[in-house]
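First comes the structure, then the notes that go with it.
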Amino acid sequence: MGIESIIILLVIGAVAGWLAGQIVSGFGFGLIGNIVVGIVGAFIATLILPRIGLGFGGGILASIIHATIGAVILLVLLKVIKRA
């Protein structure tokens, strides 16, 4: 993995984490928090979305959408666990 791939991964993670924070909680988690939420969300989406038949193709925009959906799932699960 080259430096360009790592930078793109971090940017997509930050954007996806910020979007998920806006959708679920109404606020972000700071730069590092957004990157972590976005990357973990992308991993979750990679596990879940193909099993239910959702695919968004390739490209950066599709990656952001994919990671955002996974990050929203992560944040909703964290909210449910926090409430219990």
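The values are calculated or read from the model by the stated rules, or taken from the named source; none is laboratory data. All of these numbers come straight from a predicted model, not from anything done at the bench. In this analysis, Cβ positions are derived from the backbone assuming ideal geometry, glycine residues included, and neighbour counts consider all displayed protein chains.
In the stretch 20-40, which residue that is within 20 Å of VAL76 (Cβ to Cβ) and of a type in the set (Val, Ile, Thr) is surrounded by the fewest Cβ atoms within 10 Å (Cβ to Cβ)?
The qualifying residue surrounded by the fewest Cβ atoms within 10 Å (Cβ to Cβ) is ILE23.
Mind listing whichever residues of the stretch 19-45 are hydrophobic (A, V, I, L, M, F, W, C), touching a residue at least 12 places away in the same chain (Cβ under 8 Å) and over 12 Å from ILE69 (Cα atoms)? Show your work before the answer.
Start the filter on the stretch 19-45 by keeping residues that are hydrophobic (A, V, I, L, M, F, W, C), which leaves 19-20, 23-24, 27, 29, 31-32, 35-37, 39-40, 42-45.
Narrowing further to those that are touching a residue at least 12 places away in the same chain (Cβ under 8 Å): 19-20, 23-24, 29, 31, 35-37, 39-40, 42-45.
Within the stretch 19-45, PHE29, LEU31, ILE35, VAL36 meet the criteria.
Check PHE43 against each of (1) at pLDDT below 90; (2) among the hydrophobic types (A, V, I, L, M, F, W, C); (3) surrounded by fewer than 15 Cβ atoms within 10 Å (Cβ to Cβ); (4) part of a helix (DSSP H, G or I) and name the one condition it does not meet.
Failed condition: (1).
Quick one: would you say GLY38 is part of a helix (DSSP H, G or I) and touching a Ser or Thr at 6+ places or on another chain (Cβ under 9 Å)? It would help to see each step written out before you state the result.
Values: part of a helix (DSSP H, G or I): yes; touching a Ser or Thr at 6+ places or on another chain (Cβ under 9 Å): yes.
Judged against the criteria, GLY38 is a match.
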